[in-house]
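Read-outs throughout are calculated quantities, based only on the coordinates presented, and are distinct from any laboratory measurement. On a predicted model such as this, the values are computed, not experimentally measured, just so you know. We place every Cβ from the backbone using ideal geometry, glycine too, and count neighbours over all the protein chains shown.
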Amino acid sequence: MVDVSQHTLVPEHTVLDDPARVEEVLEEYNVSKTNLPKIKKSDPALRDTDAEPGDIVKIVRDSRTTDRAVVYRLVVE
């Protein structure tokens with residue numbers, strides 16, 4: 001079976017486990033957790049993480065215009 005999370009086209013997914021960092025991100029974007037885009041806990045890209053519903057995941061993608069783009073997602077069931 002193929003491990004999707006290790007594929008070259010899957011961007012880096014990191015769980016934000018520091019509450020201070022979570023608050024910093026929410027303040028930076030002036031949103032609450034529920035306003036963030038969602039990602040399912042069952043998403044194959046999260047297989048190697050310890051993400052639980054309610055966690056925020058930082059996703060770092062390659063970008064043609066900015067070299068790299070950072071986005072955040074709320075983990076849901």
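Is the C-alpha gyration tensor of the chain telling us rounded, prolate or oblate? Criteria: a/c under 1.5 is rounded; beyond that, a/b larger than b/c is prolate, otherwise oblate. Walk me through the intermediate numbers first.
Working: a/c = 2.13, a/b = 1.24, b/c = 1.71.
Verdict is oblate for the chain.
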Within-9-Å neighbourhood charge of ARG68 [Cβ basis; K, R +1; D, E -1]: -1
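Assuming 0.36 nm per residue, please report the length gained on full extension of the stretch VAL70 to VAL4 beyond their Cα-Cα distance.
Details: separation 66, 0.36 × 66 = 23.76 nm, distance 2.01 nm.
That works out to 21.7 nm of additional length.
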Selected from ASP55, ASP18, ASP43 as most flexible by GNM, with the chain as the system and alpha-carbon contacts under 10 Å: ASP18
Gyration tensor (alpha-carbon) shape descriptor, the range 37-76, a/c threshold 1.5: prolate
Trypsin sites (Lys or Arg not before Pro) lying in DSSP loop within the chain, provided at most 10 other Cβ fall within 10 Å: ARG64
